[in-house]
Amino acid sequence: MAVETKEVKWKRLPLSSNYAIAYAVKDVDVDVVSAYPITPQTTVVEKISEFIANGELDAEMIHVESEHSALSAAVGASATGARAFTATASQGLELMHEILHIASGLRMPVVMSVATRALSAPISIWNDYSDLMNARDASWVTLIAGSAQEAYDSIIQAYRIAESPEVMLPVIVAYDGYIMSHTYEPVLVPEDNTVVREFAPKNFNRFRLDVDRPMTFGTIADPKWYYEFKYQQVVAMRNAYKKVKEVDEEYREVFGRGYGVIETCCLEDADIVLLTYGGIYGTFKEAIEKLRENGKKVGVARLRLWRPFPAEDIVKTLGGAKLVVVADRAISYGARISGPVALEVMSTFYGDPDAPMIMSVIVGIGQRTVTENTVAEIVDYSFRVLERGKAPRETLYWGVRGVSYE
Amino acid sequence: MALLKDATSVGRIALRYEIRWHGRGGQGAVTASMVLAMAAIYEGKYAQAFPEFGAERRGAPVKAYTRIGDEPILTRAPILNPDIVVVLDPSLPKELYLAGVKDSTIFLINTKKSPREIAEDLGVPVERVYTVDATKIALEVLKVPIVNTAMVGALVHVVPLVKLENVKKAVLETFPGRLGEVNVLAVEKAYEEVAGKLVEVNP
């Protein structure tokens, strides 16, 4: 689809990532929002309520009694052809888990924002990615944003991806709870949201509940057919990989901003490349730029697309390094390599004779502070690993009491 | 006039100011950090504001952060070595706000005391200490001891990080109606009444 490049007029607003998402929901003209409050997501739906009450967004706000119902209501709304949105975090995403699979299995193009947060017990209201990583196998296209601006842009892109006929899968736009959800920063929002609505028109030409054309959704599929349904989701995910890139390119043409599926810095001639995701990338990038000035051959990359996993781009981006260090903020308990993204990177390079060494590091669990110094320490350690020529076979738990590495 | 020379400079990233706010739950430290960042963003600068996220409750010590710069701000780490420390509550243990300060850190304190008295107490040169009785101003103007907007007013006089008019705009945006108007008064009063030697910001 050819899109005419337009001159877009912008307002530059101080917004948190939560508010940026609410603005995107308004600008992309969502029809139904169902929500149950949970920290640190709540201000997303509070702001949307305000937009609806002010008449700035013509949508139904459904106040439900739990996150399980929030997503169920979004699925129901989506089934009628409406553009549906919900938002959650942490225990809320866990309570939705059953419906995550129903939304994707029914091929409902719901979009959900997740302000990532640690899981109970013990109770932590603070950030990590344990909640999102638990949703890995639910067949949702999953983007992880690194700034409030990207959170805004990604919600708009998400509806284009979700509703495209070759995908028809729900999409999560995730970002760091607190570290981004409650941080104010400048965000460009179009003066006139017509341009957004033209970029992401609603797809009514899909299977939906219609009294004039009765059909049934979510019936039983016996062993003769269930597998084919699931394989179609495999194919849809493959298509989504291409679609995410296409939509991002088109978005860049119209709005002047794009992100690709992996963002990188300082990769040229880098012996060591760090890979991370979410807002913490900014801290990593500033640390790496400083280390570069001191002559350290080190680079950094940010994974923006988590599902489908951008394997080809990972190989292209990281394949030239001698050592890849994956900094995860979630733990897959009991696995020898327990960083979810580290596992994925390793499996991507499996069997490749030219593969870099790969090391898995856990940071920021329950929002344990990560500063530029933390990054510099990890880089120091990584250079020692590179000298030894052998990466640790187990994940490193960086900064936890009572554990140190030589 | 003293120059705020040692403002944080990260790599090739241009000069950046890092402000750390200390208060107690209910005094509005988090809102103060936001109002300053909003004013900077209205002025076309880059800025970032975020609280030190705790299980906040009334009376408990609260920290918040603002960064202001001419280039995009990428780091999301808490501010460990602030250029400016703003204390909304003089009863806070000084260890809390002296943590990680530099030889160049500037202090703005809500107190009846003079900069000299505070400087002696903190053991820092008087040139780097500024005081304002923001509680008095808040009680007079707002009728409640919420000092956040007054402290922002005092701060932008001490260190002209942003224009006063943009602070007022941010205050009116944050507090709609009459509440915004009286908070603008608090900003103006504190801007006038702050004591200490004024700082010139590097161009």
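The values are calculated or read from the model by the stated rules, or taken from the named source; none is laboratory data. Small disclaimer: the values here were computed from a predicted structure and weren't measured. All Cβ positions, even for glycine, are placed from backbone atoms using ideal geometry, and neighbour counts span all protein chains on display.
Data table
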| read-out | value |
| --- | --- |
| From the options B:V132, B:V124, B:V147, B:V162, residue that is at pLDDT 95 or above and under 23 Å from A:R12 (Cα atoms) | B:V162 |
| Single unsatisfied condition, A:L396 versus (1) surrounded by 15 or more Cβ atoms within 10 Å (Cβ to Cβ); (2) at positive phi | (2) |
| Residue within the range A:175-193 that is away from chain B (no Cβ under 14 Å) and under 12 Å from the mean Cα position of the chain (by Cα) present | no |
| All strands (runs of 3 or more DSSP E) inside the range A:236-311 with 3 or more residues being at pLDDT 95 or above and over 16 Å from the mean Cα position of the chain (by Cα) | A:272-276, A:298-303 |
| Cross-chain or 6+ apart pairs with Cβ under 8 Å, the range A:383-406 first and in the same structural domain as A:I362 (by TED's automatic domain parsing) and over 16 Å from A:I365 (Cβ atoms), then assigned to a helix (DSSP H, G or I) and at pLDDT 95 or above | A:A391/A:V385; A:P392/A:V385 |
| Within the range B:77-113, tally of residues that are crowded, with 16+ Cβ neighbours inside 10 Å, in contact (Cβ under 8 Å) with a residue 24 or more places away in the chain and within 14 Å of another protein chain (Cβ to nearest Cβ) | 3 |
| Residue check, A:E377 away from chain B (no Cβ under 12 Å), under 25 Å from A:S124 (Cβ atoms) and part of a helix (DSSP H, G or I) | yes |
| Candidate set: the range A:67-88, residues that are on the phi < 0 side of the Ramachandran plot and not in a helix (DSSP H, G or I); chosen: the one surrounded by the most Cβ atoms within 10 Å (Cβ to Cβ) | A:T86 |
| Selected residue (criterion: nearest to the other protein chains (Cβ to nearest Cβ)) from residues of the range A:152-174 that are among the polar types (S, T, N, Q) and assigned to a helix (DSSP H, G or I) | A:S154 |
| Neighbours by Cβ (under 9 Å, 6+ apart or cross-chain): first from the range A:115-132, in contact (Cβ under 8 Å) with a residue 24 or more places away in the chain; second surrounded by fewer than 24 Cβ atoms within 10 Å (Cβ to Cβ) and of a type in the set (F, W, Y) | A:R117/A:W126; A:A118/A:W126; A:I125/B:F53; A:W126/B:F53; A:N127/B:F53 |
| B:T135 vs. criteria among the hydroxyl-bearing types (S, T, Y), in contact with a strand residue (DSSP E or B) (Cβ under 9 Å, 6 or more places away or on another chain) and more than 30 Å from A:E286 (Cβ to Cβ) | yes |
| Every residue from the range B:106-130 that is of a type in the set (S, T, Y) and under 15 Å from B:L92 (Cα atoms) | B:T111 |
| Those residues of the range A:97-151 which are within 19 Å of A:T86 (Cα to Cα), in a loop (DSSP other than H, G, I, E, B) and in contact with a Ser or Thr (Cβ under 7 Å, 6 or more places away or on another chain), in sequence order | A:M108, A:P109, A:V110, A:R117, A:Y129, A:S139, A:W140, A:A145 |
| Counted residues, the range A:267-280 - those being surrounded by 23 or more Cβ atoms within 10 Å (Cβ to Cβ) and more than 8 Å from chain B (Cβ to nearest Cβ) | 8 |
| Matching helices (runs of 4 or more DSSP H) fully within the range B:140-203 where at least 3 residues are surrounded by fewer than 17 Cβ atoms within 10 Å (Cβ to Cβ) | B:164-174, B:178-193 |
| Output for the range A:120-131, where each listed residue is out of contact with any Pro (no Cβ under 9 Å at 6 or more places or on another chain) and either assigned by TED's automatic domain parsing to the domain that holds A:G366 or closer than 22 Å to A:E344 by Cα (or both) | A:D128, A:S130, A:D131 |
| Residue tally, condition under 22 Å from the mean Cα position of the chain (by Cα) and either within 14 Å of chain B (Cβ to nearest Cβ) or over 24 Å from A:G279 (Cβ atoms) (or both), over the range A:350-370 | 7 |
| Given (1) away from chain B (no Cβ under 13 Å); (2) buried (at least 21 other Cβ atoms within 10 Å of the Cβ); (3) in contact with a helix residue (DSSP H, G or I) (Cβ under 8 Å, 6 or more places away or on another chain); (4) in contact (Cβ under 8 Å) with a residue 60 or more places away in the chain, index of the condition A:V341 fails | (3) |
